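Here's the structure, in structure tokens; my notes come after.
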Amino acid sequence: MNKRMAAALVVFLSLALAQSAQQILQESSRLLSSGPWRARLVGKIVGPGGELQEADMTVKSLPSLKITRIEFSKPDALADNYLVITPEKVYNYLFLTNQVVVYPRAKARIEGLGFDLSRMGELNTLAERKGLKWQRPLAVSYDGVAAWKLVGVANDPQESGFGRVEVYLGRHDSRPLRTAFFSTADKLLLRLSWREFHKAKFNEDDLVSFPADAEWIKKN
């Protein structure tokens, strides 16, 4: 095999592997976009000072309207707070002060966290995200389940807010098993294991709801 043929083969294999990662993500995207679902996510998330905190949250998604609600049990400082993520805005309900802080989606800042959790509303679009270079999928076992491990490296970490993302997906059902984000210095920003994932029945009013007496604060 001459050098030109060898180079062409490397390019072909690289494209094939990238397409394979995209196909796996697209199967998961179809699952996450197929109807309302809820899941409990447990793990670690970085705090505002860079420290790792225990995380325990319930995620509810209404894909048809691109609305996601995240209810916190941990970190303790965020217990009973929740986020409502819509295409245009992020609503942050603060239990202790009974306030709803409203941010434009592009400028959302969640107090008490060092990672933009509004990205959780974008999990089903990872296959479509530009600016991520996906490495070769690896067939692994995660918590006793046959899984794919996918790693995406950000072309522009400053724009994306992270250096790389790792996703574990069930090989047989495309179900999310674990999601992790890292900085460019390979520091863990978020690592969440997906538990109790199942389809659910709720509508927009179930997710976009707040106490009637809450104080509203709008951020520009």
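The values are calculated or read from the model by the stated rules, or taken from the named source; none is laboratory data. Keep in mind the model is a prediction, meaning the values are calculated, not measured. In this analysis, Cβ positions are derived from the backbone assuming ideal geometry, glycine residues included, and neighbour counts consider all displayed protein chains.
When Ser209, Ser183 are screened for being under 25 Å from Gly47 (Cα atoms) and either among the polar types (S, T, N, Q) or in contact with a Gly (Cβ under 8 Å, 6 or more places away or on another chain) (or both), only Ser183 passes. For segment 174-220, a residue qualifies if it is part of a loop (DSSP other than H, G, I, E, B) and within 18 Å of the chain's Cα centre (by Cα), and the qualifying residues are Ser174, Arg175, Ser183, Thr184, Asp186, Lys187.
Yes or no, residue by residue, for (1) closer than 26 Å to Leu31 by Cβ; (2) in contact (Cβ under 8 Å) with a residue 40 or more places away in the chain:
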{"residue": "Lys44", "(1), (2)": "yes, yes"}
{"residue": "Gly47", "(1), (2)": "no, yes"}
{"residue": "Leu62", "(1), (2)": "yes, yes"}
{"residue": "Phe72", "(1), (2)": "yes, no"}
{"residue": "Ala77", "(1), (2)": "no, no"}
{"residue": "Ile85", "(1), (2)": "yes, no"}
{"residue": "Asn92", "(1), (2)": "no, no"}
{"residue": "Gln99", "(1), (2)": "no, yes"}
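Here is a yes/no grid of residues against (1) surrounded by fewer than 19 Cβ atoms within 10 Å (Cβ to Cβ); (2) touching a helix residue (DSSP H, G or I) at 6+ places or on another chain (Cβ under 6 Å); (3) among the β-branched types (Val, Ile, Thr):
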| site | (1), (2), (3) |
| --- | --- |
| Ser61 | no, no, no |
| Lys74 | yes, no, no |
| Glu88 | yes, yes, no |
| Asn92 | no, no, no |
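Between Glu196, Glu204, Glu215, the distinction of being at positive phi and exposed (fewer than 14 other Cβ atoms within 10 Å of the Cβ) belongs to Glu196 only.
Hey, can you tell me all the residues within segment 30-62 that are closer than 17 Å to Arg175 by Cα, modelled with pLDDT of 90 or more and of a type outside the set (Val, Ile, Thr)? Of everything in segment 30-62, those that are closer than 17 Å to Arg175 by Cα, modelled with pLDDT of 90 or more and of a type outside the set (Val, Ile, Thr) turn out to be Pro36, Trp37, Arg38, Ala39, Arg40, Leu41, Lys60, Ser61, Leu62.
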